[in-house]
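Written out below as structure tokens is the structure these notes cover.
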Amino acid sequence: MPPAAWKTCPWEPREPIEEGLRQWLRCAGAALLDGQVIGMPSRAVDEVWHGLILCTGRYARFCESAYGQFLHHHPEGDPLTGAGKPA
């Protein structure tokens, strides 16, 4: 995790938050394949993901390598209607 990703995440310790993000990204990848949007397991994981997204080049390369496409952020849930589960 790049140090810049932690600028928006004040929680400690970082290790379980980073592991939570890794696990969520695995689940998000499976959901992406099924055309689903999933919610965050915690506010801390959400904050560090937001920080990672801000590292745009690194995040884009990660998404392409991990998923073959960009994993978008949908703060209101459904990417088309804005309704549903938060992501």
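Odds and ends about this structure:
- Computed from phi, the 3J(HN,Hα) profile of the stretch 3-19 under the Karplus parametrisation 6.51, -1.76, 1.60 (θ = phi - 60°) reads x, 4, 5, 7, 4, 9, 10, x, 6, 9, x, 6, 4, x, 5, 5, 5 Hz, with x in place of Gly and Pro.
- Taking chymotrypsin sites (Phe, Trp or Tyr not before Pro) as exposed when DSSP calls them loop and at most 16 other C-beta atoms lie within 10 angstrom, the chain has its longest site-free stretch at 12-69.
- Using the rule -39500 (n - 2.57) for each DSSP H run of four or more residues, divided by the residues of the chain, the 222 nm mean residue ellipticity is -16500 deg cm²/dmol.
- Angle in degrees between helix 56-67 and the longest Cα principal axis of the chain, rounded to the nearest 10: 60
- Relative contact order %, the chain, counting alpha carbon pairs below 8 Å whose residues are six or more apart: 33
- Computed from phi, the 3J(HN,Hα) profile of the stretch 31-45 under the Karplus parametrisation 6.51, -1.76, 1.60 (θ = phi - 60°) reads 5, 4, 4, 8, x, 9, 10, 10, x, 8, x, 7, 5, 4, 5 Hz, with x in place of Gly and Pro.
Each reported figure results from applying straightforward, stated rules to the coordinates on display, with no laboratory input. Since this is a predicted model, take the numbers as computed values, not measurements. Positions of Cβ are backbone-derived with ideal geometry, glycine not excepted, and every protein chain shown enters the neighbour counts.
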